[in-house]
Amino acid sequence: MLQELATRVLSATSGPELRITARLHIGWALVWSNRHADALATLISVAEEASARLPVIAWDAIGTAATVAYQSGTPAGRQAVLDILSHLEEPAPQPPGWPAAHADVQRVWITACTDPFGKRTETVPYLHRIAARPVANQARTGVAAWLLDETELAVRLLREALSRLRAPGVRGSSAAALSALQWACIDSGRWDEALATAREAADIAAAYKMETVAAIADLTTATVLVMRGQHDQVGSLLASALAAVGADEYRSVAARARHAAGIAALAEGNYLTACAQLRQLFGADGMPLHQHVPYLAIADLAAAAVRAERHLEARTLIENALTRAGPAPARGWTSSPPALADCSPNQPTPRPTSPKACLTPTEKAGHSSEPGCGSTTGNGCGGSGGSATQSPSSPAPWRRSAALVLRPGPGARKLNCGPAA
């Protein structure tokens, strides 16, 4: 709908500012309409042409192009965005209509989309400084917080943004915030809210013909059902998500689908199948299918490999993958974060009949929606959501938990993932 209106503007006006604004809106619509290659080309050209005369549009275009780079997951897409960013300058003095913290929000957003782990130590404090002051694009700041594993900040910002984006006339622009809030709710154990948000996103996807939004809603629903042990609809939901978009073009969707299928097999005790599904998230050299999603599954891969007696093979693969994710303090790898399972080969591994069985009583009390085995935060068996008090300089939870699964430290808590008492 928006794309059609913007195309009409292009045909009806010769004004350069109106035409470039229309192309920006066309690019945005293409992002959510299963046409990533066209979206990226459109947005990159808008950013290039607007950089000198229309800096607000240029910065907005390159930020939206970063959304494409995230969803597609291709190195070429990420590099194209970073190349344009390197040539963009924040105007001084700022022109009339310059949104609050506009360039800062786009910078942190682009970094989160293109390299969420490698620059986390510098980017997370930058994010918190931005979030502490008024920003015009609260939704994009919230999505960046989710990508950087600042989950509680992400939930707060996204809820606040959506309280405005749900107003009549602007509901279609809530797609990115709704999509990210679904995953942030899963990561923090808010499963009921994740499902409600997925239903809202599916309605918007149907109303505005947004195939990508529909695919994400299906993936969210499938993931929650897996973690609740309700597997009957999971296969059809994953098939629907993959049919809505091209798996080759949308690596983020393909990776999420493989993760959900993997944790479903893991929960059912089909460890070889789980290994096969999760193994597809990385190449033989540890190269991830996507720059973000595979790392959220890395501890689930480790747990499945140990149970399938493939732990030696998995250790090499995962260590290569961790190396590619960028530097992290080595001492973090042997820390003892809460709710990590010792999935070493010597521990009994009975079939987990309920995700809730993987939590201690304290953890069960602390989560309203019973997160546990297969948590998409990447904490794997016994995992829980990101901590609101986590130090920005500490390694991401998936990195710490994967290390403990493969070579648990002396202080690691041993949780039995067997049937609940």
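The values are calculated or read from the model by the stated rules, or taken from the named source; none is laboratory data. Model, not experiment: these values are computed from the prediction. Cβ atoms come from the backbone with ideal geometry, glycine included; neighbour counts cover every protein chain shown.
Details
- When A6 is tested against the conditions (1) modelled with pLDDT of 90 or more; (2) closer than 21 Å to A207 by Cβ; (3) of a type in the set (G, A, S), the lone failure is (1).
- Filtered by the rule that a residue be among the polar types (S, T, N, Q) and in a helix (DSSP H, G or I), segment 221-242 gives T221, T223, S236, S240.
- Filter result (basic (K, R) and assigned to a helix (DSSP H, G or I)) within segment 193-217: R199
- Test for A243: is it surrounded by fewer than 20 Cβ atoms within 10 Å (Cβ to Cβ) and aliphatic (A, V, I, L, M): yes
- The helices (runs of 4 or more DSSP H) found entirely in segment 17-113 that carry 2 or more residues being acidic (D, E) are 36-50.
- Within segment 103-122, considering residues that are under 15 Å from G63 (Cβ atoms) and of a type in the set (S, T, N, Q), the one surrounded by the most Cβ atoms within 10 Å (Cβ to Cβ): Q106
- Residue within segment 143-154 that is surrounded by 14 or more Cβ atoms within 10 Å (Cβ to Cβ) and either over 18 Å from the mean Cα position of the chain (by Cα) or farther than 30 Å from L289 by Cβ (or both) present: no
- The one condition in (1) under 17 Å from A297 (Cα atoms); (2) surrounded by fewer than 22 Cβ atoms within 10 Å (Cβ to Cβ) that D203 fails to fulfil: (1)
- Residue match in segment 323-340 (condition: surrounded by fewer than 23 Cβ atoms within 10 Å (Cβ to Cβ), assigned to a helix (DSSP H, G or I) and at pLDDT 85 or above): yes
- Residues that are in contact (Cβ under 8 Å) with a residue 60 or more places away in the chain and either in the same structural domain as F282 (by TED's automatic domain parsing) or of a type in the set (V, I, T) (or both) within segment 47-100 comprise T67, T74, listed in sequence order.
- Residues in segment 277-300 that are more than 17 Å from the chain's Cα centre (by Cα) and either touching a residue at least 60 places away in the same chain (Cβ under 8 Å) or buried (at least 22 other Cβ atoms within 10 Å of the Cβ) (or both): Q277 alone.
- Annotation for segment 61-70: no member residue is in contact with a His (Cβ under 9 Å, 6 or more places away or on another chain) and over 30 Å from I204 (Cα atoms).
- Every pair of residues 6+ apart whose Cβ atoms lie under 6 Å, when the first sits in segment 23-41 and is over 10 Å from T67 (Cα atoms) while the second is part of a loop (DSSP other than H, G, I, E, B): N34/V245
- Complete set of residues in segment 141-156 that are within 18 Å of T67 (Cα to Cα) and assigned to a helix (DSSP H, G or I): T141, G142, V143, A144, A145, W146, L147, A154
- Residues of segment 114-140 classified as farther than 26 Å from A325 by Cβ and assigned to a loop (DSSP other than H, G, I, E, B), total: 6
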